[in-house]
Each structure stands twice: as C-alpha cells, then as structure tokens.
1. Please work out whether segment 34-81 counts as rounded, prolate or oblate from its C-alpha gyration tensor, where a ≥ b ≥ c are the square roots of the eigenvalues and a/c under 1.5 means rounded, while otherwise a/b larger than b/c means prolate and anything else oblate?
2. Express in nm, to one decimal, how much length is gained between Ser31 and Asp58 on full extension, taking 0.36 nm for each residue of separation and deducting their alpha carbon distance.
3. Calculate the dipole size of segment 33-78 relative to its Cα centre from +1 charges on Lys and Arg beta carbons and -1 charges on Asp and Glu beta carbons; express the result in debye to the nearest 20.
4. With a sphere of radius 14 Å drawn around the Cβ of Glu54, what net charge do the other residues whose Cβ falls strictly inside it have (Lys, Arg +1; Asp, Glu -1)?
5. For segment 24-81, run through the trypsin sites (Lys or Arg not before Pro) and keep only the ones in DSSP coil with at most 11 other Cβ atoms within 10 Å of their Cβ.
Amino acid sequence: MADRVRAGSKRRLQPHGPRERLDELGAAALSDPELVALLLRTGSPRSDALSLAEALVDRLGGLGGLAGATGAELRDDGIGP
C-alpha cells in the first residue's frame with residue numbers, strides 16, 4: 001500500500017499535460033508537438049490535441065514543415081473547417 005501512495009504522490013508532483021508542464025517547467029521543457037498542441041487547444045473527434053500535434057509535426061517534418069504547410073495539408077489532418 002505504501003508503494004502505491006508514493007507512486008501516486010510522484011505522479012501528482014510531475015506535470016502531465018502540456019499546459020501543466022508549461023506552467024511548471026516553462027516552454028523550453030516542452031517538445032515541439034507539445035507546443036503545437038497548446039496552440040491547437042482542442043483535438044478532433046478522432047484524437048486529442050497532443051496526438052494530432054504529434055502526427056502533424058511528424059508528417060510535415062517538424063515545425064518548419066508545419067509553418068510552410070498549406071491549408072489543404074492541414075485539413076488532411078483535421079485542422080480547420
């Protein structure tokens with residue numbers, strides 16, 4: 001039982017989502033997909049914001065590819081109308 005309590009305490013001490021990690025650790029501690037997920041704010045019916053951001057960053061080759069993506073390329077991943 002004591003091990004479960006300690007493990008639970010550790011989990012509470014470590015920020016788990018991008019927004020919590022940003023608040024606790026700062027932007028430098030976040031990965032590119034975590035930063036993109038913060039900008040997206042919400043996911044799609046198929047996936048959460050972090051999963052969507054990971055797919056975007058991976059498929060488009062990083063933040064540079066994302067910055068140069070067309071609207072059509074973003075819509076392929078469920079971004080936009």
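1. Note, shape of segment 34-81 comes out oblate.
2. Stretched out fully, the Ser31 to Asp58 stretch lengthens by 8.5 nm.
3. 120
4. -3
5. Of the trypsin sites (Lys or Arg not before Pro), the ones in loops of segment 24-81 whose Cβ has at most 11 other Cβ atoms within 10 Å are Arg41, Arg46.
Bear in mind that the values in this text are calculations on the coordinates, not laboratory data. The model shown is predicted, which means the values in this text are computed figures rather than measured ones. FYI the Cβ positions are ideal-geometry reconstructions off the backbone, even for glycines, and counts take in every protein chain you see.
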